[in-house]
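S.K.: After the structure tokens below, expect a handful of questions from me.
The values are calculated or read from the model by the stated rules, or taken from the named source; none is laboratory data. As the structure is a prediction and not an experimental result, all values here were calculated from the model. FYI the Cβ positions are ideal-geometry reconstructions off the backbone, even for glycines, and counts take in every protein chain you see.
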Amino acid sequence: MFVPDPFGLKTQFVGLGNFEYLLGDPYYRASFVTTAIFSSLVTVVSMGVALYLAILADRLIKGSGTYRTLLIWPYAVAPAVAGVLWMFMFNTRVGVVAWYLGLLGYDWNHVLDEAEAMGLVVVASSWGRISYNFLFFLAGLQAIPRSVIEAAAIDGAKFWTRFRTIVWPLLSPTTFFLLVVNVVYAFFETFGVIHTITAGGPQQATTILVYKVYSDGFVGQDLGSSAAQSVILLVLVGILTVIQFKFIERRVHY
Amino acid sequence: MATLTLDNVRKSFGATDVIHGVNIEVTDGEFIVIVGPSGCGKSTLLRMVAGLEGITSGEIRIDGHRVNEAEPMERNIAMVFQNYALYPHMSVFDNMAYGLKIAKTPKDEIAARVASAAKLLQLEPYLQRKPRELSGGQRQRVAMGRAIVRKPAVFLFDEPLSNLDAKLRVQMRLEIKQLQRELGVTSLYVTHDQVEAMTLADRMIVMNAGVADQIGKPLEVYENPQTEFVAGFIGSPATNFMPAGSVGVSVGKTVGIRPEHIQLTDTPTRLKARVAYCEALGAETLVHLRLPHGQLITVRQGGHLPLPSEGTDLWLGWHDAAMMVFGADGRRI
Ligand SMILES: Nc1ncnc2c1ncn2[C@@H]1O[C@H](COP(=O)(O)OP(=O)(O)OP(=O)(O)O)[C@@H](O)[C@H]1O
Ligand SMILES: [Mg+2]
């Protein structure tokens, strides 16, 4: 609600001016779209992979610990470290993966290509979430009584039908919980990954809302706008959470 | 309608043998009860018939067709689980209709079949409820309904009544028996409760540590147990066992006498014992006596007879025919 003069000597009260300015700013609006795409992708990728692994593990194990432990370790790797790792692997000059892609005739350059940059931060952000999601999915799967699955098998349901009609509905509380947690994660905690890999670029292609708060506030020194963005972000997450919980109440019933 | 044959069926989990070769011929419409103590392999045997557990060796045939390799759904069986295994997120109707929907049964036929099963089981008012909104007995009926609507060739029951209270158990026992009579479906029923076994079975199989010790009609098994284990397991209170020598029998190792076959008298008969305590149950009285060397003997007598007072010495008498003599290997001689 305040705007400092260019030399930071005075601040001028502008009321809701910062908000008005923000909503008219095409870059800010673009950041919304980016955030929506980014968080849906991160949520879908990290939950999808985790669910797939959990189903495999659920069939394999009944209580044994080693396999589960093996799958926890990526979670222990701090997201930023994961980011660095991914950045090196895909580094346009020295990265292993980029080099192999080059051999295959694909010119990988996430520094210039917006889609590639987005793909990279999505994968890097999802990576650290997989084990967390995996553990919850696995616990959810193991909580489904075996006899219920067996009853369905006797009733004639094959694996995919059983999954669709029995397992998935019974897993829905877990799924919705993870959905909330992962969206919030994608909104806030992916800052480290984005900062190390792409720093929001190229051309703001990976500047999600939380990153914009940082870059406008600390890099651009527009603290007023940055503060307004924080407020919007906060309200947004609040709304999202409420919507999701309302949704849960209606959908998760048994 | 089907016959069921188990031909030298064995099962091992890794190195541990759980079922050591079971043979049964179940005729069409017969109600067979498998009874035995916990851990003897009853559930394992049933699950092998259902196709939920592999068969290590031997053969299972339904209507003469080998089903060892068949998936559960191809065996045309229905199973009622101990914990009912209802689909918690589906209504009673959907629980019962699930198998039919998967089999792509026409909608109106599903509705008709579920309706008639619901009528039979008095579930009509509850069709739209979820399992968690039902009592234990109602859930039990839904599980039965789910089995009935598919019109399977064989019913399998794994201790379906053990989660119910005593009174309901007696009531459901009767209902299951009537239902099975009415539908005439070949049934295999597992329980560790010998009263359930005695009342339900056309024939019963007494299992002991993975072996079918005896197969026969309930009363036949009761009156003529083939092994020491069966004599001890079937009948409540349990058979009294005494060393053969101590009761003047020269062959065999152990003699078993049922509590109701011993008479108590003041005049000398076979053995002297001191009354330890009595349990007056109304219609009958259980008298527990201690032999001179310390062993407890149980005698069952009519409730109209006077209660012997504790600490008095009495004589135990029985007819020769009441003695069941078992050899060192536990087999009847
Ligand atoms: N998956 C398995 N792996 C190894 N051993 C098993 C397995 N399932 C069962 N067993 C063993 O097989 C034996 C028989 O088990 P089962 O469940 O058939 O007993 P049960 O007669 O049904 O007992 P209860 O009356 O307690 O249900 C037990 O000793 C059990 O430990
Ligand atoms: Mg069992």
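S.K.: For the stretch B:30-39, what are the residues that are surrounded by fewer than 24 Cβ atoms within 10 Å (Cβ to Cβ) and within 10 Å of ligand 1 (Cβ to nearest atom)? Steps first, answer last, please.
M.R.: Quick first cut of the stretch B:30-39, residues surrounded by fewer than 24 Cβ atoms within 10 Å (Cβ to Cβ) only: B:30-32, B:37-39.
Answer for the stretch B:30-39, where residues must be surrounded by fewer than 24 Cβ atoms within 10 Å (Cβ to Cβ) and within 10 Å of ligand 1 (Cβ to nearest atom): B:Pro37, B:Ser38, B:Gly39.
S.K.: Please go through (1) of a type outside the set (A, V, I, L, M); (2) free of Cβ contacts under 8 Å to residues at least 24 places away in the same chain; (3) in contact with a Pro (Cβ under 7 Å, 6 or more places away or on another chain) for B:Pro125 and return the number of the only condition it doesn't satisfy.
M.R.: It is condition (3) that B:Pro125 fails.
S.K.: For residues in the stretch B:189-205 being closer than 17 Å to B:Glu25 by Cα and within 15 Å of ligand 2 (Cβ to nearest atom), which is nearest to the other protein chains (Cβ to nearest Cβ)? Give the derivation first.
M.R.: Of the residues in the stretch B:189-205, the ones closer than 17 Å to B:Glu25 by Cα are B:189-190, B:201-205.
Checking which are within 15 Å of ligand 2 (Cβ to nearest atom) leaves us with B:189-190, B:205.
On the way: B:Tyr189: 16, B:Val190: 14, B:Ile205: 22 Å.
Across the stretch B:189-205, the extreme among qualifying residues is B:Val190.
S.K.: Among B:Thr199, B:Thr191, which is surrounded by 22 or more Cβ atoms within 10 Å (Cβ to Cβ), polar (S, T, N, Q) and either touching a helix residue (DSSP H, G or I) at 6+ places or on another chain (Cβ under 8 Å) or at pLDDT below 90 (or both)?
M.R.: Numbers: B:Thr199 fails: surrounded by 22 or more Cβ atoms within 10 Å (Cβ to Cβ).
Of B:Thr199, B:Thr191, the one residue that is surrounded by 22 or more Cβ atoms within 10 Å (Cβ to Cβ), polar (S, T, N, Q) and either touching a helix residue (DSSP H, G or I) at 6+ places or on another chain (Cβ under 8 Å) or at pLDDT below 90 (or both) is B:Thr191.
S.K.: Would you tally the residues in the stretch B:25-63 being of a type in the set (S, T, N, Q), closer than 17 Å to B:Thr186 by Cα and touching a Lys or Arg at 6+ places or on another chain (Cβ under 8 Å)?
M.R.: Final tally of qualifying residues: 0.
S.K.: Same structure, new question: For residues that are within 16 Å of ligand 2 (Cβ to nearest atom) and either part of a loop (DSSP other than H, G, I, E, B) or under 14 Å from B:Asn8 (Cα atoms) (or both), tally how many sit in the stretch B:55-83. First the steps, then the outcome.
M.R.: First pass over the stretch B:55-83, keeping only residues within 16 Å of ligand 2 (Cβ to nearest atom): B:79-83.
With either part of a loop (DSSP other than H, G, I, E, B) or under 14 Å from B:Asn8 (Cα atoms) (or both) added as a condition, the list becomes B:81-83.
Count: 3.
S.K.: Sticking with this one: Quickly run through the stretch B:280-306 and pick out the residues that are out of contact with any helix residue (DSSP H, G or I) (no Cβ under 9 Å at 6 or more places or on another chain), loosely packed, with under 13 Cβ neighbours inside 10 Å and not small (Gly, Ala, Ser).
M.R.: Hits for the stretch B:280-306 are B:Leu281, B:Pro292, B:Leu296, B:His304, B:Leu305, B:Pro306.
S.K.: If you go through the stretch B:220-253 one residue at a time, how many are of a type in the set (S, T, N, Q) and touching an Asp or Glu at 6+ places or on another chain (Cβ under 6 Å)?
M.R.: Adding up the residues that qualify gives 1.
S.K.: Can I ask one more? Look at B:Gly235 and say whether it is part of a loop (DSSP other than H, G, I, E, B), buried (at least 17 other Cβ atoms within 10 Å of the Cβ) and without any contact (Cβ under 8 Å) to a residue 60 or more places away in the chain.
M.R.: Numbers: part of a loop (DSSP other than H, G, I, E, B): yes; buried (at least 17 other Cβ atoms within 10 Å of the Cβ): yes; without any contact (Cβ under 8 Å) to a residue 60 or more places away in the chain: yes.
Spelling it out, B:Gly235 is indeed part of a loop (DSSP other than H, G, I, E, B), buried (at least 17 other Cβ atoms within 10 Å of the Cβ) and without any contact (Cβ under 8 Å) to a residue 60 or more places away in the chain.
S.K.: Which of the residues belonging to the stretch B:57-115 are touching a residue at least 60 places away in the same chain (Cβ under 8 Å) and among the acidic types (Asp, Glu)?
M.R.: Of everything in the stretch B:57-115, just one residue is touching a residue at least 60 places away in the same chain (Cβ under 8 Å) and among the acidic types (Asp, Glu), namely B:Asp63.
S.K.: Let me ask another. Which residue pairs have Cβ atoms under 8 Å apart, sit 6 or more places apart or on different chains, and have a first residue in the stretch B:9-27 that is on the phi > 0 side of the Ramachandran plot and within 14 Å of chain A (Cβ to nearest Cβ) and a second that is within 11 Å of ligand 1 (Cβ to nearest atom) and at pLDDT 85 or above?
M.R.: none
S.K.: State all residues of the stretch B:36-53 that are within 14 Å of chain A (Cβ to nearest Cβ) and in a loop (DSSP other than H, G, I, E, B); if no residue qualifies, say none.
M.R.: So the first thing to find is which residues in the stretch B:36-53 are within 14 Å of chain A (Cβ to nearest Cβ), and the list is B:43-44, B:46-53.
Listed by number, the residues that qualify are B:Gly51, B:Leu52, B:Glu53.
S.K.: Follow-up. Among A:Val121, A:Val148, A:Val181, A:Val193, which is within 11 Å of chain B (Cβ to nearest Cβ) and assigned to a helix (DSSP H, G or I)? Show your work before the answer.
M.R.: Numbers: A:Val121 fails: within 11 Å of chain B (Cβ to nearest Cβ); A:Val181 fails: within 11 Å of chain B (Cβ to nearest Cβ); A:Val193 fails: within 11 Å of chain B (Cβ to nearest Cβ).
Only one candidate qualifies: A:Val148.
S.K.: If a residue has to be buried (at least 19 other Cβ atoms within 10 Å of the Cβ) and in contact with a His (Cβ under 9 Å, 6 or more places away or on another chain) to count, how many in the stretch B:241-258 make the cut?
M.R.: 0
S.K.: Residues B:Ala118, B:Ala143: which one is surrounded by 22 or more Cβ atoms within 10 Å (Cβ to Cβ), under 19 Å from B:Asp165 (Cα atoms) and either facing chain A (nearest Cβ under 10 Å) or touching an Asp or Glu at 6+ places or on another chain (Cβ under 7 Å) (or both)?
M.R.: Just one listed residue meets the conditions, B:Ala143.
S.K.: Would you check which residues across the stretch B:122-140 are among the aliphatic types (A, V, I, L, M) and either touching a strand residue (DSSP E or B) at 6+ places or on another chain (Cβ under 9 Å) or crowded, with 21+ Cβ neighbours inside 10 Å (or both) and list them? Full working, then the answer.
M.R.: Just the residues of the stretch B:122-140 that are among the aliphatic types (A, V, I, L, M), to begin with: B:123, B:127, B:134.
B:Leu123 - this is the single residue of the stretch B:122-140 that is among the aliphatic types (A, V, I, L, M) and either touching a strand residue (DSSP E or B) at 6+ places or on another chain (Cβ under 9 Å) or crowded, with 21+ Cβ neighbours inside 10 Å (or both).
S.K.: Name, by its number, the condition in (1) more than 16 Å from ligand 2 (Cβ to nearest atom); (2) closer than 30 Å to B:Pro106 by Cβ that does not hold for B:Lys217.
M.R.: In the conditions (1) more than 16 Å from ligand 2 (Cβ to nearest atom); (2) closer than 30 Å to B:Pro106 by Cβ, B:Lys217 misses (2) alone.
S.K.: Looking at this structure, is B:Val247 in contact with a Lys or Arg (Cβ under 9 Å, 6 or more places away or on another chain) and within 25 Å of B:Leu305 (Cβ to Cβ)? Talk me through it step by step, then tell me what you get.
M.R.: Details: in contact with a Lys or Arg (Cβ under 9 Å, 6 or more places away or on another chain): yes; within 25 Å of B:Leu305 (Cβ to Cβ): yes.
In short, yes.
S.K.: Scan the stretch B:17-31 for residues that are in a strand (DSSP E or B) and more than 16 Å from ligand 2 (Cβ to nearest atom) and jot them down. Talk me through it step by step, then tell me what you get.
M.R.: So the first thing to find is which residues in the stretch B:17-31 are in a strand (DSSP E or B), and the list is B:17-26, B:31.
Across the stretch B:17-31, the qualifying residues are B:Asp17, B:His20, B:Gly21, B:Asn23, B:Ile24, B:Glu25, B:Val26, B:Phe31.
S.K.: Hey, another quick one. Between B:Tyr126, B:Tyr84, B:Tyr98, which is at the interface with chain A (Cβ under 9 Å from one of its Cβ atoms) and more than 18 Å from B:Ser187 (Cβ to Cβ)? Give the steps one after another, and end with the answer.
M.R.: Numbers: B:Tyr126 fails: at the interface with chain A (Cβ under 9 Å from one of its Cβ atoms); B:Tyr84 fails: more than 18 Å from B:Ser187 (Cβ to Cβ).
The conditions single out B:Tyr98.
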